[in-house]
Structures are given as C-alpha cells and as structure tokens.
C-alpha cells in the first residue's frame with residue numbers, strides 16, 4: 001500500500017495519472033520482486049512499522065534502482081536518502097560497475113536527492129501511450145523471441161549499450177513477452193516488452209519502429225522513449241501516440257553513451 005499511495009500522492013499533486021492504477025497492481029509488482037532471487041530489497045521502519053522500501057535489480061551487469069517509495073505521512077525525514085544509501089552499499093559489495101534509475105520529471109525532490117547522491121542526468125524521456133499501431137516496417141520482421149535468440153539479442157545490446165541485459169531477457173522469454181526483429185536474415189533488435197517495465201534495443205530506429213508497430217498494447221503507463229531521438233519521437237507522435245509524463249534517466253558509475261536506438265525500462 002505504501003508504494004501505491006506514495007506514487008498516487010506525488011502524481012496527483014502534479015495533475016498526472018498515477019503509475020499504478022490500483023493498490024493490487026503495486027502489490028503484485030512488489031510481490032514478484034520480493035520473490036525473485038535476482039532482486040535485492042530493503043525496507044525502512046519507524047516506530048515499529050514499515051514506512052518505505054527500495055529495490056535493486058541485479059539481473060544484469062548494470063544494476064537498476066527502484067521503485068523507491070516512502071510513506072507520504074513521513075516525508076522529509078531523510079528516509080529516502082537512507083534507503084538509497086543502503087542499495088549503494090549493496091552495489092559496492094556486489095561490485096557492479098554502475099547503477100541507473102528513472103525518475104519522474106515532475107518530481108523535483110527526487111531529482112534533487114539523486115543529484116546530491118552523485119547521479120548524472122543522461123536522457124530526458126517521454127512516457128508514450130495510445131492505441132496499438134498495427135504498423136509493419138518493410139523488410140523488418142517481428143516475431144516472438146525464443147531461448148536460441150539470446151546470444152544474438154545480447155550482441156545487439158552490447159553494441160548499443162556496451163553491456164548486455166541477458167538476465168532480464170531470459171525472464172521475458174520465459175514469460176512469453178519478448179520479441180525480436182529480423183532484418184537481412186539476422187536478429188537486429190529485440191524488446192522484452194514494449195511497456196513501462198520493458199526495454200528495447202535496435203541497430204537503427206527502424207528496428208524500434210518495427211517493435212513498437214507490432215506491439216499489441218503498450219503495457220502499464222506506456223513505454224519510455226528518449227526524446228533526444230527526435231526522428232523516433234516524431235514517428236510515434238505522427239502515428240497518434242501521446243506523451244503522458246516526462247521522465248529522466250540517471251546514472252551513477254559506468255555509463256556508455258548509447259551507440260544506436262533504444263528504449264529504457266522504468267528500472268533503466
């Protein structure tokens with residue numbers, strides 16, 4: 001409930017739709033993260049009750065932080081800072097080269113907190129939502145990903161980011177949500193899901209357009225698009241997709257400027 005209320009309170013205070021449509025959705029997400037062996041979790045207690053939590057996605061060489069939430073009734077007591085310091089300790093213990101997070105662009109307090117903790121702003125993002133496009137890109141074929149695609153997908157991810165996100169991709173393949181795009185007889189891009197908790201990479205914008213165009217829906221609040229990629233941003237807007245909220249990709253430690261097209265997930 002704290003996670004749901006925290007996001008609901010800050011979003012509605014700025015006239016944005018909450019990321020979680022109901023408490024059950026937030027509870028479902030946190031239950032999955034708490035049960036997953038590759039997620040580290042920490043809670044904050046005050047006077048014998050839980051007042052906040054934070055998570056660290058450890059499935060890939062770069063760790064992802066979040067969701068960080070604090071009970072709205074006990075804001076401004078440095079609880080969020082302490083929860084962040086705890087996961088940073090975990091990052092150091094596990095020798096992750098870097099850590100990343102996504103913050104809501106309208107949430108100036110979290111932006112300030114992360115900057116004070118050493119995070120750098122890397123990408124302005126737009127959360128995009130709308131009806132499915134049912135668009136195909138000539139000579140680009142999208143299909144469901146299978147385990148034998150893993151190495152080809154990891155190769156594309158390393159080409160784009162300098163590291164792979166194989167742990168996330170394995171989960172998505174098992175869940176049946178991952179897709180790949182083929183061009184010229186080989187895999188040239190993939191998506192774990194086109195939505196809030198999914199990421200995508202491609203050798204060019206065409207791969208990302210094909211993956212977006214083939215998606216049956218844009219899961220959750222929508223997918224995250226780096227607005228510095230003006231060509232891809234305009235392509236989405238011209239097909240009726242809308243911006244629902246601004247967000248920011250931030251990093252601490254190792255960061256490679258992406259070499260090709262990508263969509264981050266809310267975990268980075």
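The values are calculated or read from the model by the stated rules, or taken from the named source; none is laboratory data. Keep in mind it's a predicted model, so treat the numbers as computed, not measured. Here the Cβ positions follow ideal geometry from the backbone for every residue, glycine too, while neighbour counts run over all protein chains shown.
Output the residues belonging to segment 76-114 that are part of a helix (DSSP H, G or I), more than 28 Å from residue 47 (Cβ to Cβ) and free of Cβ contacts under 8 Å to residues at least 24 places away in the same chain. Show your work before the answer.
First, pick out the residues of segment 76-114 that are part of a helix (DSSP H, G or I): 79-93, 108-114.
After this cut, where a residue has to be more than 28 Å from residue 47 (Cβ to Cβ) as well, the list is 91-93, 108, 111.
92, 93, 108 - these are the residues of segment 76-114 that are part of a helix (DSSP H, G or I), more than 28 Å from residue 47 (Cβ to Cβ) and free of Cβ contacts under 8 Å to residues at least 24 places away in the same chain.
Considering segment 145-169 alone, what residues qualify as being outside any helix (DSSP H, G or I) and either free of Cβ contacts under 8 Å to residues at least 40 places away in the same chain or buried (at least 22 other Cβ atoms within 10 Å of the Cβ) (or both)?
If the condition is that a residue be outside any helix (DSSP H, G or I) and either free of Cβ contacts under 8 Å to residues at least 40 places away in the same chain or buried (at least 22 other Cβ atoms within 10 Å of the Cβ) (or both), then 145, 146, 164, 165 are the ones that fit.
With surrounded by 18 or more Cβ atoms within 10 Å (Cβ to Cβ), at pLDDT 95 or above, in contact with a helix residue (DSSP H, G or I) (Cβ under 6 Å, 6 or more places away or on another chain) and not in a loop (DSSP other than H, G, I, E, B) as the only criterion, which of 232, 252, 224 stands out? Give the steps one after another, and end with the answer.
Details: 252 fails: in contact with a helix residue (DSSP H, G or I) (Cβ under 6 Å, 6 or more places away or on another chain); 224 fails: in contact with a helix residue (DSSP H, G or I) (Cβ under 6 Å, 6 or more places away or on another chain).
Within the list 232, 252, 224, the selection yields 232.
For segment 120-139, how many residues meet the condition of being crowded, with 20+ Cβ neighbours inside 10 Å and in contact with a helix residue (DSSP H, G or I) (Cβ under 9 Å, 6 or more places away or on another chain)?
Selection size over segment 120-139: 2.
So, of the residues in segment 42-71 that are loosely packed, with under 15 Cβ neighbours inside 10 Å and within 19 Å of residue 23 (Cβ to Cβ), which turns out to be modelled with the highest pLDDT?
Narrowing segment 42-71 to residues loosely packed, with under 15 Cβ neighbours inside 10 Å: 43, 45-50.
Next, only the ones that are within 19 Å of residue 23 (Cβ to Cβ) stay: 43, 49-50.
Working: 43: 94, 49: 90, 50: 90.
It comes out as 43.
One line per residue, one yes/no per condition, for (1) out of contact with any helix residue (DSSP H, G or I) (no Cβ under 6 Å at 6 or more places or on another chain); (2) under 20 Å from residue 168 (Cα atoms); (3) not assigned by TED's automatic domain parsing to the domain that holds residue 109:
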{"position": "26", "(1), (2), (3)": "no, yes, no"}
{"position": "35", "(1), (2), (3)": "yes, yes, no"}
{"position": "41", "(1), (2), (3)": "no, yes, no"}
{"position": "45", "(1), (2), (3)": "yes, no, no"}
{"position": "52", "(1), (2), (3)": "no, no, no"}
{"position": "55", "(1), (2), (3)": "no, yes, no"}
{"position": "58", "(1), (2), (3)": "yes, yes, no"}
{"position": "63", "(1), (2), (3)": "no, yes, no"}
{"position": "69", "(1), (2), (3)": "no, no, no"}
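Based on this model, can you work out whether residue 142 counts as surrounded by fewer than 21 Cβ atoms within 10 Å (Cβ to Cβ) and touching a helix residue (DSSP H, G or I) at 6+ places or on another chain (Cβ under 9 Å)?
no
Within segment 235-249, can you find the residues that are in contact with a strand residue (DSSP E or B) (Cβ under 6 Å, 6 or more places away or on another chain) and either within 18 Å of residue 197 (Cβ to Cβ) or not in a strand (DSSP E or B) (or both)?
Residues satisfying the conditions are 236, 241, 244, 245, 247, 248, 249.
Restricting attention to segment 236-248, which residues are buried (at least 19 other Cβ atoms within 10 Å of the Cβ) and under 21 Å from residue 139 (Cβ atoms)?
236 - this is the single residue of segment 236-248 that is buried (at least 19 other Cβ atoms within 10 Å of the Cβ) and under 21 Å from residue 139 (Cβ atoms).
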